Ligand code: DAH
């Protein structure tokens, strides 16, 4: 095998292969061509076998020529195969260009999530840092550290879902206060949004609902600071400068004094009423002391917002359960609106 005659042979083979592959109109003929040009008995493969008779540079350059030719033929065969299979599919006679396409539906953000994000945005603009805590809690973080000892009647009020080994589903986001106070030194200025769980189900209660906890601890934090932040938040959230807000004395074991906050609303018949939207108060000194924060130096306020309450008021919804029935007719109403 001399260099020149090899080149001639290869040029012939390549020309023949190109011509025949081009002419082929079906896959079985194409397979025959593959055997003819690249099969064991093909000229190309025979030549490759006889390479061992050559030496040195001659062997190297002949090897390159042969490999190159093999690659060209292989590519020709692949390209042809693709074009044959493609045109085969496209020619299916049941393909109807005039058929309408299948509609694809786009998901959207749940109204409760939208409301929650809005509330978070407002609080973040007031320089509260957003943090998260676990939904599976222990007795200590959900109750004991919040000044609710074992036999305290407030435990009964919470209708807790208990799990094994002293774990439970958190009944309020106040448990996150305890976790943050464990990890950080004052000043602390956080909100903690999330799901909470209670064994309760009727028109105004679902076993899972959402709260946003707020906590601010520093030197000389006062009840008027608390009132002002709540006023700013509610007026911004409801976009109403003259919103009527009422602080009503209340009791929570973890705050002293404590209050519940109501806002005035007008129902569909034009009747006015007050509706509770959050609980709040000055952090109880016992809670600070349990968290190793010196209650003689530091004071703080805390609040817990009911997200579903805010949503019902803002969206004019009277049955809370609608939020969780996953009825698309209900959910679609909020799909495109900026609520
Ligand atoms: N954790 C209370 C509840 O779920 C709400 C609450 C009241 C949170 C007063 C607070 C607070 O932080 O200070 O009913």
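FYI, it's all coordinate maths here, none of it is from the lab. No experiment lies behind these values; they were computed from the predicted model shown. A quick note on method: Cβ atoms are made from the backbone with ideal geometry, for glycine too, and the neighbour counts reach across all protein chains shown.
Assorted remarks:
- Rounded tilt (10° steps) of 27-38 against the dominant C-alpha axis of the chain: 60
- Values of log10 I(q)/I(0), in the order q = 0.16, 0.20 Å⁻¹, for the stretch 177-225 under a Debye, Cα-only, solvent-free model: -0.62, -0.76
- In a fully extended conformation the segment linking residue 74 and residue 166 would gain 26.2 nm over its present Cα-Cα distance, using 0.36 nm per residue.
- In plain terms, the residue of 78, 45 with the fewest other Cβ atoms within 10 Å comes first and the most crowded comes last, giving 78, 45.
- The stretch 3-45, Cα convex hull volume normalised per residue, Å³: 46
- Summarised in one figure, the compactness ratio Rg/Rh of the stretch 197-313, Cα atoms and Kirkwood Rh, is 1.01.
- Computed over the stretch 74-193, the range of Cα coordinates on each principal axis works out to 81, 39, 38 Å, biggest value leading.
- Over the stretch 3-94, Cα pairs under 8 Å with separation of 6+ residues give a relative contact order of 36 percent.
- Residue 275-residue 314 pseudo-label distance in nm [points 7 Å out on the Cα-to-Cβ vector]: 1.3
- Cα-based helix-to-principal-axis angle, 174-183 vs the chain, degrees rounded to 10: 80
- Contact order, relative form, for the chain: 14 percent (alpha carbon pairs under 8 Å, 6 or more residues apart, mean separation divided by residue count).
- Ascending count of other beta-carbon atoms within 10 Å, so fewest first, for 135, 325: 325, 135
- Reported to the nearest whole Å, the Cα centre-to-centre distance from the stretch 170-230 to the stretch 276-322 is 5.
- Computed over the stretch 3-94, the P(r) curve from all C-alpha pair distances, binned at 10 Å from the origin, holds 15, 43, 25, 12, 4, 1, 0 percent per bin.
- When 95, 323 are sorted by how many other C-beta atoms sit within 10 angstrom of their C-beta, beginning with the fewest, the order is 95, 323.
- Take 55-64, 216-225 and order them by the average number of nearby Cβ atoms within 10 Å per residue, most first; the result is 216-225, 55-64.
- Max-minus-min Cα coordinates of the chain on each principal axis give 106, 56, 41 Å, with the largest extent listed first.
- The chain: angle of helix 111-125 to the longest principal axis, Cα-based, in degrees nearest 10: 70
- Where labels lie 7 Å past Cα in the beta-carbon direction, separation of residue 8 and residue 243 in nm: 9.6
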